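Before any comments, here is the structure.
The values are calculated or read from the model by the stated rules, or taken from the named source; none is laboratory data. Remember, predicted model here, so these are calculated numbers, not experimental data. Cβ placement follows ideal geometry from the backbone for every residue including glycine, while neighbour counts extend to all protein chains displayed. We work out accessible area using only protein heavy atoms, side chains counted, and drop any ligands, DNA or RNA first. Shrake-Rupley method; radii C 1.70, N 1.55, O 1.52, S 1.80 Å.
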Number of protein chains: 2
Amino acid sequence: MAKMRSSINFRLIIKVIGLLLLIEGGFMLTAVPFSLYYGESIWPLVIPAIFTAFIGLILYLFTWKSRQLNIGKHEGYIIVTFSWVVISLFGAIPFILSNSIGNYSDAFFETISGFTTTGASILKDIESLPKGILFWRSLTHWIGGMGIIVLSLAILPILGIGGMQLFVAEVPGPTPDKIHPRITQTAKRLWGIYVMLTGIQTILLMFGGMNLFNALCHAFGTMATGAFSTQNTSIAGYSPYIQYVVILFMILAGTNFTIHYHALHRQFKKVRGNEEYRNYLFLLIGISLLVGGGLFFLSELPFEESIRTSLFQVVSIVTTTGYVTTNYLAWPMVLWVIIFLLMFTGGCTGSTGGGIKMVRQMLLFKNSTTELKRLVHPMAIIPIRLNRKVIPQNIIFNVLAFFVLYMLTFAFGTLFMSILGLDFQTAIGSVAATLGNIGPGIGGVGPVENYAAIPFVGKWFLSFLMLLGRLELFTVLILLSPAFWRR
Amino acid sequence: MAKMRSSINFRLIIKVIGLLLLIEGGFMLTAVPFSLYYGESIWPLVIPAIFTAFIGLILYLFTWKSRQLNIGKHEGYIIVTFSWVVISLFGAIPFILSNSIGNYSDAFFETISGFTTTGASILKDIESLPKGILFWRSLTHWIGGMGIIVLSLAILPILGIGGMQLFVAEVPGPTPDKIHPRITQTAKRLWGIYVMLTGIQTILLMFGGMNLFNALCHAFGTMATGAFSTQNTSIAGYSPYIQYVVILFMILAGTNFTIHYHALHRQFKKVRGNEEYRNYLFLLIGISLLVGGGLFFLSELPFEESIRTSLFQVVSIVTTTGYVTTNYLAWPMVLWVIIFLLMFTGGCTGSTGGGIKMVRQMLLFKNSTTELKRLVHPMAIIPIRLNRKVIPQNIIFNVLAFFVLYMLTFAFGTLFMSILGLDFQTAIGSVAATLGNIGPGIGGVGPVENYAAIPFVGKWFLSFLMLLGRLELFTVLILLSPAFWRR
């Protein structure tokens, strides 16, 4: 660990962001083959790719001679927040140049929605867009999914920069169960699993009749828990087989990736011993059966369709993916209220999902029930355990502070969206769905609507909420804290 | 302090509840003079008064020979919860006998709404009720207001029963700043202030043209932060003078009563030093100006009326009183969303107000901002202070557990009310307004509507939420905890 420095190393920050822009430019070019194959103009992708890479190169060279220090906590937080903003600023350009989106506010909203793996869209007719642009749109999910930071953790070491603090900033969840002592190795391994799962899903989707383009785009959307689709009807128009494949890979994407690592290495005891994972699966199955039963009895859908539709929607919302196969707002009210409440759950820590996350919910619940025991036995010290280990008090404090900030942000967000003249359900729906990185909400931003009608200022505000939610509040809010900038 | 006993003393619990029923019967009789004066039948009051007192006497005599032990924690919790339920069960009888309310579910709802100082009503035409019954209705507020428990703290000592634990159960708020080491004295003093303020308000209301009956009923409703009125239009039909009087006494009722005690004893330094009180006043003034400005500019009301209406509604909701002078749901949406969010604030600890309460909000907010500082300086121990004193960690845990349970109850309550077929706004409005002991909510239970249309099961459920909110969750929930009943 580097010792506390007296000033923030801005040259280093600019250098890392420059490098990220170089990489982003490279990623943009991967969409070009699809433009060529579908006979579209390649320039709306090539021009911004070159421009982004060029700016990145200038920033990188400009800071070439900066001392090769370890990235400290302060630099880590700044890099994480700014890199998400900067790559979204550049990533929006192809939408403008291709005339896919008419103004920059909308293009930025769509792009940060991609990179934060939210999947909230302002596009009314997705299918009218060039395929190359749609590929780039889905790719923003995939890049954001595992975190461009985790991605770059495998590259930064070439420059001799260790990134432990970055990982702390990226995954501030309570249990970053380390697979391997060296963070770089960890990042590479998690990335390997991510690529592998994306590949398997792509192949399975192609078995179901999708072409490579659609299969890749939907695999990106699923594995990143993002939910941009290439179809106006999301997954609704696809076969039950494809819907089951998407369900399975949403569950995998919402799982802590260290669980996948353990499973691949046949360490099943570690998989079974993970309380968050057990809880996650029980919740998914339990609520899906409940909602499925409700659909079967109240809406008189066929049995298989009830269970499939329910499972799809529950998994999609809990993992914060946001794909839809049905308009859940047309369900009996109690069922869509369940869907709305699930927007406050979220997947496992260390997954690509957003939201409050399962482990936090568990610690919150455990603390509350433990408090009742504490009141009965005021003299006893009753610790809170997770995976049979006592959780230190400072982690409980952090989780509780997170929850309070989350609810505060939700309340103030609702108020802000109300000021813009949205109706009540659209206001709370849009805030819950963007802060939780889900995508579709309730009211005017429900599963068959989108964010096109949100006023200009609202789109920038919701963009901020997506960033806030994706970076687990603290990473962004700490930059607003005076204590951060002191000394 | 009594040492831990191995079993719960049920004889003692029954004895105390018997005594409370005796007192309740006596209170019922105080409504009889109004029945006589207005030429109504006195039997709907006299019969239940005698019946209630008789049952109380039997319970009391039945347990006469129980040992005169101190009331332990366990007995305290049971007494508090059950006494609220039992006096509501008996208190509902006059509504039935007078044919004011057609069925017992509705009568119980109205009565527990009174005793919990919620003020949620199922009556469609209040003015058609006999005056004696309306007086009893308002009196339930007044009895519940200071807490029948605190009331009885001044009487129990005659039986040689000390009640320290009762006070703990009644006011589990974080800072029961003791005025006097002896709890009985404290209760008597707080009760004296309560009676005095009620008296002053009654006189001030009579100056404004109210007769004694209306003045007393509205003073009961104000000082208890309850809000039952004798008029169908609540306070809307009264003069601005009366509205200002009600505003002032709502503020006083939502203030920690130890503040009043200090003020009466000219200990102004203690008054000024109270952070919760300062925060409470700043919030009331700040939000009132904001909403008042909104009304002035958006609704084009006259300036004085904008400020008065805003002040009245903000104070009414923050103190969890629930009186109305206007249909706030007809305001521009952002303004009534502010009102809705204020339903999650609540007055000061040690006041008659319900809800989450100011001091908890402050500790929640401080913990979250402190967490940001802790992330910047992970090695530093940064305590949370209130009134310049360091708050012990176990109190922070309790407050955070309270908040989580409150939000969980709110979420599950909304779900439950949705199952009953209520629309979304009515579901969240009815739960927020009963759990917070406020009264009017949003949607179908807004300020010009009431709870008459809520289904039968919903009324019992909301009755439970009123109890839960009034007894600060833990007091009731602890009875559901297996640890409580073990050994």
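Inter-chain neighbour count for A:417-424: the average number of beta-carbon atoms from partner chains within 10 Å of each residue's beta-carbon is 4. What is chain A by shape, rounded, prolate or oblate, if you read a ≥ b ≥ c off the alpha carbon gyration tensor as root eigenvalues and call it rounded for a/c under 1.5, prolate for a/b larger than b/c, and oblate otherwise? Cα axes put chain A in the rounded bin. If I compute solvent accessible area with a 1.4 Å probe over the protein chains, what percent of it on chain B is carbon and sulfur? Carbon-and-sulfur percentage of accessible area, whole number: 68. Taken one residue at a time, the phi angles of segment B:247-254 give Karplus couplings (6.51, -1.76, 1.60, θ = phi - 60°) of 4, 4, 6, 5, 4, 5, 5, x Hz. Gly and Pro are set to x. Scalar couplings 3J(HN,Hα) for segment B:223-236, obtained by applying the Karplus form with A = 6.51, B = -1.76, C = 1.60 to θ = phi - 60°, are 5, 8, 6, x, 4, 5, 10, 9, 10, 5, 9, 6, 9, 4 Hz; x denotes Gly and Pro. The alpha carbon radius of gyration of segment A:205-315, expressed as a multiple of 2.2 N^0.38 Å, is 1.18. Rounded to whole numbers, the Karplus 3J(HN,Hα) couplings from phi for segment A:298-306 are 8, 9, 6, 6, x, 4, 4, 5, 4 Hz, using 6.51 cos²θ - 1.76 cosθ + 1.60 with θ = phi - 60°, and x at Gly and Pro.
Comparing each chain alone with all protein chains together (probe 1.4 Å, DNA, RNA and ligands left out), the residues of segment A:373-393 losing at least 40 Å² of accessible area are A:Leu375, A:Val376, A:Gln393. For segment A:384-474, trypsin sites (Lys or Arg not before Pro) are listed when DSSP marks them as loop and at most 15 other Cβ atoms sit within 10 Å of their Cβ; the list is A:Arg388. With all pairs of separate Cα atoms included, segment B:360-487 yields a Kirkwood hydrodynamic radius of 16.8 Å.
Residue pairs exceeding 29 angstrom between C-alpha atoms, taken from A:Lys459/B:Lys357; A:Lys15/A:Lys131; A:Lys357/B:Lys366; A:Lys357/A:Lys459; A:Lys389/B:Lys373: A:Lys459/B:Lys357; A:Lys15/A:Lys131. The contact residues of segment B:303-334, meaning those that lose at least 10 Å² of 1.4 Å-probe accessible area when all protein chains sit together rather than their chain alone, are B:Met333, B:Val334. Closest approach of a chain B Cβ to the axis relating B and A (residue, whole Å): B:Leu400, 2. Taking only protein heavy atoms into account and a 1.4 Å probe, give the accessible area per residue of the protein assembly as shown in Å². About 38 Å² of surface per residue is accessible. Taking amide H positions as modeled 1.01 Å from N, with prolines and chain starts lacking one, no residue 5 or more places away or on another chain lies under 5 Å from B:Tyr238. Once each of the chymotrypsin sites (Phe, Trp or Tyr not before Pro) sitting in a DSSP loop with at most 13 other beta-carbon atoms within 10 Å is removed, chain A keeps A:65-487 as its longest stretch. Per residue, the Cα convex hull of the protein assembly as shown amounts to 171 Å³.
Both chains summed, the buried accessible area for B and A stands near 4300 Å², from protein heavy atoms and a 1.4 Å probe. For B:Lys270, a cut-off of 16 angstrom between C-alpha atoms picks up these aspartates and glutamates, skipping any fewer than 8 places away in its own chain: B:Asp177. Look at the Cα gyration tensor of segment A:312-371: its axes a ≥ b ≥ c give a/c of at least 1.5 with a/b at or below b/c, and that counts as oblate. Label points for B:Leu415 are taken 7 Å from Cα along Cα→Cβ. From this copy to the others they lie 2.8 nm apart, shortest first.
Remark on B:Leu386: its backbone amide H falls under 5 Å from those of B:Ile391, a criterion applied only to residues 5 or more positions apart or on other chains, H modelled at 1.01 Å from N.
Amide H to amide H distances under 5 Å link A:Ile442 with A:Gly429, A:Ser430, where only residues 5 or more positions off or on other chains count and H is placed in the peptide plane. Sites listed here are trypsin sites (Lys or Arg not before Pro) in segment B:221-328 whose DSSP assignment is loop and whose Cβ has at most 15 other Cβ atoms within 10 Å: B:Arg266.
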